Amino acid sequence: APDIPVIDQAYSKLSNSITVEWRAVPGATNYMLTAQDGDSFVETIVKNSPGTVTGLKPATLYRITIRSINSGGKSQPSPFRKVKTVLAAPILSVHSPSCDSIAVSWKAVHMAAGFSVSLMRSDGLGRMLKENTTNTSLIFTNLDPGTLYTIKAYAWNANGMPGDDFTYNQRTSPNAPVDVKVAFNSGALRAVVSWMPTEGALTYSVTVSSGLLKLRCNTSSASCVVPSLQCGSEYYVSVTAYNDAGSSKPTDAVSLKTIPCAPVNISVEEDEPGHLLVSWSSVSFGHYYVVFVKSDDGLEVHCNTSYTQCHFQSDCGFTYFISVFAYNKAGQSPLGDIFNYTTAPCCPSDFRAVFMSGDTVRVSWAAVRGADLYETRAAGGSGVVLCRDTATACTLSALQCNTPYNITVYSVSEARGRNTSCAPQYVATAPCSPEIKYISKEGLSVISVVWQSNNEEATYVVTARGEAGLWHCTSTRNSCTLMDLPCGSAFSVSAIARSPAGQSLPSYSVPLETAPCCPDDLILTQVTQSVTNISWSVGLGAQTYVTTLESPKGQAKCHTLQNYCLLGCITCGTNYTISLRAISETGLTSSCTYEGYSSSACCPSGVKLYRLSNNGIRVFWRASDETINYNADLRGSKGNFSCTPSSGLSHCDITEIPCGDVYTVVVASVTDKRPKLTFCPKKIYSVTCSGSSVGMVIYRGKSNAKHI
């Protein structure tokens, strides 16, 4: 077994343990620490120094020994040391009795001679407070409200040795909120209570009390809405702040007077015709009253008074809706019962008569409250027309057109019967419809319309309606003229009669068609010496066209559905007059004239080529007119050549023309206004070479080649 170890020192820092220090023993692998208290002991195995024995009792004297251990066994116990454990920590009970104090108390600690308690803000601000006492309680005052503090306490024995400490965090209760304000919402009967947030408060409680009634609102913010308040009441509002330490004192109560309740016992009397007396009962907290009287036509009047009655003017035939409101500084009372009062029915007003046709009129008027039905009578012509209805309109039919009537509308009620004082209205029916007799054409775009006039003091309007638009003419007689009607258009012609009484139904429509339009553009193109192509733009309303070219030498004419035509037998070099007729589907015709046309000059004849010296060629022809200028073109594989003679000559020369080639020769007239003619006959000539400069010209046609 190893040697016996020797204890250097043994001490207690915690109330449940003792720590031992010793010198290491060679060969020892473990050590056994023993703490003995009378017959009980606690053993602990440790590896090396220092070692601690735990699970001990506080303020108790223990005998401490140590034994070394290895594989051979245990050594004998060392000489003992006596060590007492330190005092146990006091267990604190802490609370905040007010917003600026913290009370600390604890149970007595065995063997304690005194206690030390310290307090400091948990955020480290401010100074630390420390108290030594032999009592088991104390109070820290003059603290910050709503602030978290850290409290530390320990006990000491008669030798002044401190024991275990105990730490506790405690917050002071909050201060009472300040700047409490109450905003009353009269429409919703609720109050919004607000205040300045107080330090350390977690929640707030708002108490609204009135007699035995108490309303509460809890919130974590700095405002709260208290609903369901009652009208005509006085409430006292206070606010209390809370945190985990407790509550603040309630704030001083703020008085809140709500809006007054709606007045009751409303009565209405018509003390004399045209005057209403409205009265009601007074209400609590009502400083003054406003009476609103609204008639069924939307007009509203009001009366302000501190008394309990008001006078108003009234009129017959109206229903009045009466409401009374009480007011104070908090606002307007809720809407109470709406009292309605209907005066005697009046004669209908806003009389209107609208003619639906020549024999039917619709009469309407403003509604009269209290009338059960209305009676409408129309007297005139050959009798009386009667209409009875609960509606505010009546249709009187089977009236005679162009006739005056007396129309009276009576209001009728079960209690009063028919109001016979209602005045009649004089109404004349609309004119009778005209009848178109005939339509005549006075000119190319002028149409005369004649109708039968059967009304007095009427103005007639004739309308021609078509896709091209509307054309009108007006007359107080039995005819009028429509001017500037467009060509190639179809119209429907009708007439109406107008008078101060209204407008008649339209007459039966009469169809009308205008002659087709002449084409705007006409183009002539000469295809050959005797054939000319004519084309033109489409004429509105035209179905077919007749085109004529006429001269002293003859006439060319065609009739076609198209907008072009080929005219043959045209004489060259001749002036023609041009005419075109546009014909509609129904046979209406428009004669159209255009600027004259001159056919092209005749092509020359007898075209021949002659050899000149120096490889030149002379082109010769016979002209149809010596005043016409011509141009000769030669086209071959070795080049193209042309020449134009001086005025009046019928030949021209081309110098230095290559021989040994075949040339196509065309001679045609030339003018400034027309393009070069392309339909004059072409002749083919072969220019041969003989030696270096001598050659011959050969004409190549349908027969054999000919030397010239």
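Annotations
For (1) without any contact (Cβ under 8 Å) to a residue 40 or more places away in the chain; (2) of a type outside the set (Lys, Arg); (3) open to solvent by 70 Å² or more (accessible area, probe 1.4 Å), each residue gets a yes or a no:
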| site | (1), (2), (3) |
| --- | --- |
| Tyr545 | yes, yes, no |
| Tyr564 | yes, yes, yes |
| Cys603 | no, yes, no |
| Lys608 | no, no, yes |
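- The set of residues in segment 50-64 that are open to solvent by less than 70 Å² (accessible area, probe 1.4 Å) and in contact (Cβ under 8 Å) with a residue 40 or more places away in the chain comprises Leu56, Pro58, Ala59, Tyr62, Ile64.
- Subset of segment 81-94 that is of a type outside the set (Gly, Ala, Ser) and surrounded by fewer than 16 Cβ atoms within 10 Å (Cβ to Cβ) - its residue that is farthest from the chain's Cα centre (by Cα): Lys82
- Residues (among the aliphatic types (A, V, I, L, M) and either over 30 Å from Lys257 (Cβ atoms) or assigned by the TED database to the domain that holds Ala183 (or both)) located in segment 274-331: Leu276, Leu277, Leu299
- For segment 110-123, the count of residues that are open to solvent by less than 50 Å² (accessible area, probe 1.4 Å), under 60 Å from the mean Cα position of the chain (by Cα), under 20 Å from Ala201 (Cα atoms) and not β-branched (Val, Ile, Thr) is zero.
- Selection of segment 319-357 for residues being modelled with pLDDT of 90 or more, closer than 21 Å to Leu276 by Cα and open to solvent by less than 30 Å² (accessible area, probe 1.4 Å) yields Ile322, Ser323, Val324, Phe325, Ala326.
- Sole exception among (1) of a type in the set (S, T, N, Q); (2) in a loop (DSSP other than H, G, I, E, B); (3) farther than 30 Å from Ala428 by Cα for Thr548, by number: (2)
- Per-region count, segment 524-555, residues farther than 18 Å from Phe491 by Cβ, of a type in the set (A, V, I, L, M) and within 58 Å of the chain's Cα centre (by Cα): 1
- Only a single criterion out of (1) in contact (Cβ under 8 Å) with a residue 12 or more places away in the chain; (2) assigned to a strand (DSSP E or B); (3) not assigned by the TED database to the domain that holds Tyr545 is not satisfied by Thr593, namely (3).
Residues checked against (1) over 60 Å from the mean Cα position of the chain (by Cα); (2) modelled with pLDDT under 85; (3) open to solvent by 30 Å² or more (accessible area, probe 1.4 Å); (4) under 23 Å from Val531 (Cα atoms):
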position: Tyr630; (1), (2), (3), (4): yes, yes, no, yes
position: Asp633; (1), (2), (3), (4): yes, no, no, no
position: Ser646; (1), (2), (3), (4): yes, yes, yes, no
position: Val697; (1), (2), (3), (4): yes, yes, no, no
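- Top-ranked residue of segment 566-583 - restricted to ones that are part of a strand (DSSP E or B) and in contact with a Gly (Cβ under 8 Å, 6 or more places away or on another chain), ranked as surrounded by the fewest Cβ atoms within 10 Å (Cβ to Cβ): Asn575
- Here is the figure for segment 502-543: residues that are free of Cβ contacts under 8 Å to residues at least 40 places away in the same chain, open to solvent by less than 50 Å² (accessible area, probe 1.4 Å) and part of a loop (DSSP other than H, G, I, E, B) total 2.
- Subset tally (residues that are surrounded by fewer than 17 Cβ atoms within 10 Å (Cβ to Cβ) and either in contact with a helix residue (DSSP H, G or I) (Cβ under 8 Å, 6 or more places away or on another chain) or closer than 16 Å to Gln76 by Cβ (or both)) for segment 1-22: 4
- Pairs where the first residue, in segment 253-277, is touching a residue at least 12 places away in the same chain (Cβ under 8 Å) and open to solvent by 80 Å² or more (accessible area, probe 1.4 Å) and the second is among the acidic types (Asp, Glu) and not in a loop (DSSP other than H, G, I, E, B), C-beta under 9 Å, 6+ apart: Lys257/Glu234
- Condition check for Ser323: more than 24 Å from Asp372 (Cα to Cα) and of a type in the set (Gly, Ala, Ser): yes
- Within segment 547-561, tally of residues that are surrounded by 19 or more Cβ atoms within 10 Å (Cβ to Cβ) and either aliphatic (A, V, I, L, M) or farther than 19 Å from Gly596 by Cα (or both): 2
- Checked against the criterion of being in contact (Cβ under 8 Å) with a residue 24 or more places away in the chain and over 30 Å from Glu513 (Cα atoms), the candidates Leu612, Leu588 yield just one match: Leu612.
The values are calculated or read from the model by the stated rules, or taken from the named source; none is laboratory data. Predicted, not measured: the structure shown is a model, and the values here were computed from it. Neighbour counts are summed over all protein chains in view; Cβ atoms, including those assigned to glycine, are modelled from backbone coordinates with ideal geometry. Side chains included, ligands, DNA and RNA excluded: accessible areas come from the protein's heavy atoms. Shrake-Rupley method; radii C 1.70, N 1.55, O 1.52, S 1.80 Å.
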